[in-house]
Amino acid sequence: VTHYQNNLKMKLDMFPEVCRQAGLKATKQRREIYREVISTLDHPDAEKIWKGVRKRCPRISLDTVYRTLYALETIGLISRVGIKTERFRFDGNTTQHHHFVCTSCGLIRDIVSPELDATTPPAAVEQYGEVTSVQTELKGVCHDCLARKKT
Ligand SMILES: [Zn+2]
Ligand SMILES: [Zn+2]
């Protein structure tokens with residue numbers, strides 16, 4: 001059992017309690033949708049999550065998946081990743097991290113970096129509000145896309 005799987009089990013065990021405290025019913029469908037988001041490093045979009053969840057909940061609709069994702073986002077279990085695609089992507093990692101984003105295929109991977117965490121926000125941000133955390137998006141081209149371009 002890897003550390004990652006342990007983390008997954010822990011998160012799923014906590015799920016009913018987190019929902020209860022937020023006043024959200026911890027239904028099987030919601031749990032399966034949450035499981036789908038947290039069991040991948042992919043930052044999947046709603047349709048990909050839907051495809052995965054349908055293996056376990058065959059009658060679930062895409063609309064239910066969307067509504068559940070927004071509900072889970074509202075209670076802080078997942079977050080939305082704002083990259084420039086027409087589809088939102090979802091993130092089950094709620095610890096402090098940054099993202100590498102491939103501008104060619106849309107791959108998103110988590111980057112843990114104490115150096116980036118310690119970045120001092122520029123003074124210009126003060127005109128809009130107070131900074132509570134810094135999340136950096138590092139854009140580039142992933143290894144797969146680089147390899148494809150060379151061939
Ligand atoms: Zn790529
Ligand atoms: Zn992430």
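The values are calculated or read from the model by the stated rules, or taken from the named source; none is laboratory data. These figures come from a predicted structure and were not determined experimentally. Glycine also receives a Cβ, built like all others from the backbone with ideal geometry; neighbour counts cover every protein chain displayed. Note: areas computed on protein heavy atoms with side chains; ligands, DNA, RNA excluded. Shrake-Rupley method; radii C 1.70, N 1.55, O 1.52, S 1.80 Å.
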key: Failed item in (1) open to solvent by less than 80 Å² (accessible area, probe 1.4 Å); (2) assigned to a loop (DSSP other than H, G, I, E, B); (3) among the acidic types (Asp, Glu), with Glu130 passing the rest   = (1)
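Which one is least open to solvent (accessible area, probe 1.4 Å) among residues in segment 103-127 that are of a type outside the set (Gly, Ala, Ser) and touching a strand residue (DSSP E or B) at 6+ places or on another chain (Cβ under 7 Å)?
As a first pass, look at segment 103-127 and keep what is of a type outside the set (Gly, Ala, Ser): 103, 105, 107-112, 114-117, 119-122, 125-127.
Now drop any that are not touching a strand residue (DSSP E or B) at 6+ places or on another chain (Cβ under 7 Å), which leaves 103, 108-111, 116.
Details: Thr103: 95, Ile108: 1, Arg109: 79, Asp110: 53, Ile111: 56, Leu116: 41 Å².
Per the stated criteria, the residue is Ile108.
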task = Six or more apart or on different chains, Cβ under 9 Å: which pairs go from a residue in segment 107-125 that's of a type outside the set (Val, Ile, Thr) and assigned to a helix (DSSP H, G or I) to one that's open to solvent by 60 Å² or more (accessible area, probe 1.4 Å) and within 16 Å of ligand 1 (Cβ to nearest atom)? Could you list them?
result = Leu116/Leu138
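Which of the residues belonging to segment 31-47 are at negative phi and within 16 Å of ligand 1 (Cβ to nearest atom)? Step through it out loud before you land on a result.
So the first thing to find is which residues in segment 31-47 are at negative phi, and the list is 31-42, 44-47.
Result: Leu41, Asp42, Pro44, Asp45.
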Segment 133-150 - residue that is in a loop (DSSP other than H, G, I, E, B) and within 16 Å of ligand 2 (Cβ to nearest atom) and, of those, surrounded by the most Cβ atoms within 10 Å (Cβ to Cβ) = Cys142
